[in-house]
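Okay, so here's the structure we're looking at.
The values are calculated or read from the model by the stated rules, or taken from the named source; none is laboratory data. What you are looking at is a predicted structure, and each value in this text was computed from that prediction instead of being measured. All Cβ positions, glycine included, derive from the backbone under ideal geometry; neighbour counts span all protein chains shown. Each accessible area value is taken on the protein alone, full model and side chains, heavy atoms only, with ligands, DNA and RNA left out. Shrake-Rupley method; radii C 1.70, N 1.55, O 1.52, S 1.80 Å.
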Amino acid sequence: MGCGKTLTAIAVIGAGYKLGKVRRVLIVAPASVCAVWPKEFREYAGFPCTVRVLLGDKQRRLKALDGLTHSPGQDLKAAVINYEAVWRDSILDALLDYNADLIIADESQRIKTHNAAQSKAMHRLGDNAPYKLILSGTPVQNAAVDIFSQYRFLDPSVFGDNFYAFRNRYCIMGGFDNKQIVGYRDLDGLIKKEHSVALRVTKAEALDLPERTFENRTVTLNRKERTIYDRLRRDSFAELDGGGTITAPTVLTKLLRLQQFTGGFLTEDDAEAPKLVSRGKLDALADILQDYVLDGGKKLVIFARFLPEIHEIEALCRKMLDKAKMKTVAIYGEIKKEVRGEIVRQFQTDPATAVFIGQIDTAGTGITLTAADTCVYYSVTYNYATYEQSLSRIHRIGQKHPCTYIHLVAEGTIDEAILAALARKEDLAKTIVDTWRNYF
């Protein structure tokens, strides 16, 4: 992550264009990353190109693709679309008719599930294209089997086109009804095949990036808050320990309520929305804004998981920064994809735009925020791969300063347990059934 995959891909596109082998390109990426591509083409492409991001409803996407297909000139044509849209019937048909010479799967771990609709659509598109490229900083997120579907798109000759044949070759089955992967065989052979068409670059090998420093800012719950938290924790434990089947969604739902409370929010029984009941983390964040932004003159990136948190953080930032004529921008699920690229550009280039607020699952991937060298985590995701990706938003090519990451941690709560799991590079959703008692 952060080693220049997009720049390298544009160089590959340019080489294909100069050789007369690539005239039409299709780039499929997470929605939050789509807006990055036109900007990168403008900065780095040394060849004539027209780039269109296919966003909006179905008709708008189809119209944009048709306009790109029939645009005059001999320049390279590049269409950019998000994974979730690719598999829709009329859109998939239109993309097949577009007949791209080169298809790029950006953040290709999004198609790791071999039988998911978007994976199957990408396989069909890949079978039609002479050239394919996959880009990922985390191609294997949970298990080695993740690699099959990505390579099925990229080059079926490497691992074949049958998932079950691949599984029989490399996986050891067991568990209930012998249908669970419990181990692997010949991983050396798998890795050798994987690297036969792959290039892996690490930051340590490729970049002289500055150091990273991590610190935790402890937030202490007052007596009333501690009483409420302990009650929520005990009630959750009792419900889970009261018999019945323990499932990951059930446990994660209980953890989510605890995590929301450490962020200051509580959803009462029968309430439609969470209510702000504590300002502990907001007060800690206010201190950081004062020290780093108002007094220190630095830009700041803030990540949070939940929308109510983000809205309160926005309100806090605007209250504190407006008097200094500083601006705050934000990207979260409700922000239209069409404007996200401009929001990032504003943060990167406008000296007055001092704070970027991002919902970690929406803005933690694929964008560059190197105008800041300090990042605050108000709350974090359970998913290690998503968390690791978010760390690279400020620590990537273009960063000249040491990077500081500040986690706001409510003392003696689920916050500490989640960070410990992330430090072990665990995805809680994968381990929580066996370890749930450690979190309550």
So for the range 392-403 (the condition being at pLDDT 95 or above and over 16 Å from Y332 (Cα atoms)), does at least one residue qualify? yes
Scan of the range 202-222 for residues that are within 19 Å of A420 (Cβ to Cβ) and either in contact with a Phe, Trp or Tyr (Cβ under 8 Å, 6 or more places away or on another chain) or free of Cβ contacts under 8 Å to residues at least 40 places away in the same chain (or both), ordered by number: R212, T213, F214, E215, L221
Being closer than 19 Å to R223 by Cα and assigned to a loop (DSSP other than H, G, I, E, B) is the filter here, so list the residues in the range 269-299 that pass it. V277, S278, R279
Under the condition of being farther than 24 Å from G137 by Cβ and assigned to a loop (DSSP other than H, G, I, E, B), which residue from the range 170-220 is most open to solvent (accessible area, probe 1.4 Å)? K179
Any idea which of (1) in contact (Cβ under 8 Å) with a residue 60 or more places away in the chain; (2) part of a helix (DSSP H, G or I); (3) closer than 30 Å to T138 by Cβ; (4) hydroxyl-bearing (S, T, Y) is the one Y229 doesn't satisfy? (3)
In the list A363, A385, A371, A410, which residue meets the criterion of being open to solvent by 30 Å² or more (accessible area, probe 1.4 Å) and touching a residue at least 60 places away in the same chain (Cβ under 8 Å)? A371
Consider only pairs whose beta carbons are under 6 Å apart and that are at least six residues apart or on different chains; among these, list those whose first residue lies in the range 321-340 and is under 20 Å from L300 (Cα atoms) and whose second residue is at pLDDT below 90 and part of a loop (DSSP other than H, G, I, E, B). R340/A35
Evaluation of F47 against (1) assigned to a loop (DSSP other than H, G, I, E, B); (2) modelled with pLDDT under 95; (3) not acidic (D, E) (one fails), failing number: (2)
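Go through the range 251-283 and give me each residue that's aliphatic (A, V, I, L, M) and open to solvent by 50 Å² or more (accessible area, probe 1.4 Å). Break it down stepwise before answering.
Within the range 251-283, the subset aliphatic (A, V, I, L, M) is 251-252, 255-256, 258, 266, 271, 273, 276-277, 282.
Those that are aliphatic (A, V, I, L, M) and open to solvent by 50 Å² or more (accessible area, probe 1.4 Å): L256, A273, L276, V277.
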For S278, work out the one condition from (1) more than 23 Å from M320 (Cβ to Cβ); (2) touching a residue at least 40 places away in the same chain (Cβ under 8 Å); (3) over 28 Å from the mean Cα position of the chain (by Cα) it doesn't fulfil. (1)
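Confirm whether I310 is farther than 25 Å from I418 by Cβ, open to solvent by less than 40 Å² (accessible area, probe 1.4 Å) and under 19 Å from the mean Cα position of the chain (by Cα). Talk me through it step by step, then tell me what you get.
Values: farther than 25 Å from I418 by Cβ: no; open to solvent by less than 40 Å² (accessible area, probe 1.4 Å): yes; under 19 Å from the mean Cα position of the chain (by Cα): yes.
In short, no.
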When only residues in the range 88-97 that are without any contact (Cβ under 8 Å) to a residue 40 or more places away in the chain and surrounded by 18 or more Cβ atoms within 10 Å (Cβ to Cβ) count, which is farthest from A116 (Cα to Cα)? A94
Could you go through the range 71-85 and let me know if any residue there is basic (K, R), within 27 Å of Q150 (Cα to Cα), touching a strand residue (DSSP E or B) at 6+ places or on another chain (Cβ under 7 Å) and surrounded by 19 or more Cβ atoms within 10 Å (Cβ to Cβ). yes
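Would you point out the residue of the range 74-107, among those that are small (G, A, S) and closer than 30 Å to G2 by Cα, that is modelled with the lowest pLDDT?
The selected residue is A85.
Which residue out of T6, T50 is under 28 Å from V201 (Cα atoms) and hydroxyl-bearing (S, T, Y)?
Numbers: T50 fails: under 28 Å from V201 (Cα atoms).
T6 is the lone residue from the list that is under 28 Å from V201 (Cα atoms) and hydroxyl-bearing (S, T, Y).
Taking the options A271, A284, name whichever one is of a type in the set (A, V, I, L, M) and either farther than 24 Å from G364 by Cβ or without any contact (Cβ under 8 Å) to a residue 24 or more places away in the chain (or both).
Working: A284 fails: either farther than 24 Å from G364 by Cβ or without any contact (Cβ under 8 Å) to a residue 24 or more places away in the chain (or both).
It is A271.
Consider the range 96-115. How many of its residues are farther than 16 Å from A31 by Cβ and not charged (D, E, K, R)? Quick ask: steps written out before the conclusion?
From the range 96-115, those farther than 16 Å from A31 by Cβ are 96-103, 112-115; that's our starting set.
Retained after the next criterion (residues that are not charged (D, E, K, R)): 96, 98-100, 102-103, 113-115.
Of the residues in the range 96-115, 9 are farther than 16 Å from A31 by Cβ and not charged (D, E, K, R).
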